[in-house]
1. Taking amide hydrogens as modeled 1.01 Å from N in the peptide plane, which residues meet the under 5 Å criterion relative to Ile370, leaving out close sequence neighbours?
2. Counting other C-beta atoms within 10 Å, which of Val74, Val246 has the fewest, and how do the rest follow?
3. Regarding region 339-414, what whole-number volume in Å³ per residue does the convex hull of its Cα atoms give?
4. Set the Förster radius R0 to 51 Å, insert the Cβ-Cβ distance between Glu114 and Arg425 as r into 1/(1 + (r/R0)^6), and round the FRET efficiency to 0.05.
5. What is the packing order of peptides 280-287, 36-43, 362-369, 232-239, taking the mean over residues of other C-beta atoms within 10 Å and listing the highest first?
6. Between Asp242 and Thr340, what is the label-point separation in nm under the 7 Å Cα-to-beta-carbon projection?
7. Mind checking the full-extension length gain between Glu275 and Glu123? Use 0.36 nm per residue of separation minus the Cα-Cα distance, one decimal, nm.
8. Using the Cβ atoms and a cut-off under 15 Å, what net charge is assigned to the surroundings of Asp111, where Lys and Arg are +1 and Asp and Glu are -1?
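Where a number appears in this text, it was derived from the coordinates with a stated rule and is not lab data. These figures come from a predicted structure and were not determined experimentally. Ideal geometry is used to build each Cβ from the backbone, glycine not excepted, and the neighbour counts take in all protein chains shown.
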Amino acid sequence: MPLLKIVNPATHAVVARVPADTAASIRKKYQLARAAQPAWAQTPLAQRIDALIRFREKIVARREELAKILTREVGKPIAQSRNELNGVLGRIDFFVNHVSKAGRDEVVFADRGEKLEEKISHEPLGVIANISAWNYPYFVGSNVFVPALLTGNAVLYKPSEFATLSGLEIGRMFHQSGVPEDVFVPVIGGGEAGAALLKQPVDGVFFTGSYATGRKVAAAAGIRMIKVQLELGGKDPIYVCDDADVEAAAAGIADGAFYNAGQSCCAVERLYVHESIYVPFVEAFVAAVRGFKVGDPMHDDTYIGPLARKPQLAVLKRQVADARKKGARLLTGGRPLARTGNYFAPTVFSDVNHQMELMREESFGPIIGIQQVKNDAEAVRLMNDTEYGLTAGVYTPDRKRAEAILAQIKSGSVYWNCCDRVSPRLPWSGVGHSGIGLTLSTYGIQTFLRPKAWHLRSL
Ligand code: NDP
């Protein structure tokens, strides 16, 4: 088997070499999953729930060790790795508490005179491919594999090659919790392993990743007529109104933009500020960003660590050069840090516009542009001037004003006085290049079930 090299993005040291799958081993894994899935679907729901509760207990028991593994392979500051693991617990609880209702049979019509009943039942899709991103392997993975397993599906789980060790731990914990080895199956490797997985006759593909790869996944799934869900990137805007609390908004939005070094699908990537508070807001925002501690992700007090992937440094450098050339004002940062590891200085630009790549392309790093606007109408126009549509937010004490603005925004989630937030109770979806389908909420359980229509006439 070929070996996959796992590199620590903070030190560039090789931390592990892991056997990777081949096309043949992926084919074999698929066949075993196909054979194992019916028995898993017939396992009583209470037993499947018990397995997931044991999985949750293992995360709690091993939280510190799992956080260190995650930090070592993706460079996420250790406090944020712990947050991710804590957050997963709430997601598991939500799915466990709602799966029974979401999958219950429903009689939608019954007429004794006509002796007719109409009923909807729900069946698992079967064997699904779950191709995942590296930025939140526990979070974005659990949105898919937890409800998929609870509803009786087998899951071929392909973690990003940059989150391989965490993916293997997830598999190990499921197997120790009573999920059969052929029902939750890690598929290890890079993009070619993902592509080989899509050649298997799976019943659905659930993908989290970039728009560019999402297009390839959609094409592979489309030709096979199988269910496809794509959770893709974003260029998420925030608008700060003239009546906002400048200090509080600046602190909250800086966190939403720079948490996990900006490597969140719903990180704030564009900022529009009303002209009447533009100057004090920019000042408060830059002060907040300068206050972030950059450093070794293994240290408890580090807020910004290295980027997980080295090539992203070149993307950020290109966006900085383009913004400067087109007249943006660099307020802080603007270059990689002179130290080992994929570090980029937290970067803020003012005087930006939509001719700049910085305001149009996903940055996925610690960088943001702030643009001045005259009124709400201009803010709405600029917020909607994108191919993406994952999240958007407004800061103002006036709820009516916020709701009026957010109603006009094309995006899956909208925020009032908050940002960079995901809730298991609400559907997570994107518009345009941000994706197709959804996860989370009770809709995000039903998406792993196929509704069957029963027309029942008694004689
Ligand atoms: P990529 O698109 O690079 O990779 C996503 C997954 O697809 C990885 O497992 C990757 O493998 C795999 N892959 C690569 N090529 C192929 C292929 N040809 N066929 C099948 N699978 C393939 O995304 P990243 O991992 O870099 O994640 C960052 C992106 O994810 C950002 O755009 C971010 O916005 C988005 N994202 C969206 C979320 C949402 O909820 N909307 C949540 C989290 C992230 P490998 O990594 O091994 O190459």
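1. Those qualifying (amide H under 5 Å, at least 5 residues apart or on another chain) are Phe349, Ser350, Asp351, Val352.
2. In increasing order of surrounding Cβ atoms, one gets Val246, Val74.
3. For region 339-414, the hull spanned by Cα atoms encloses 125 Å³ per residue.
4. After rounding to 0.05, the efficiency reads 0.85.
5. 232-239, 362-369, 280-287, 36-43
6. A separation of 5.4 nm, rounded to one decimal place.
7. Separation in residues times 0.36 nm, less the Cα-Cα distance, equals 49.3 nm.
8. Result for the neighbourhood of Asp111: +1.
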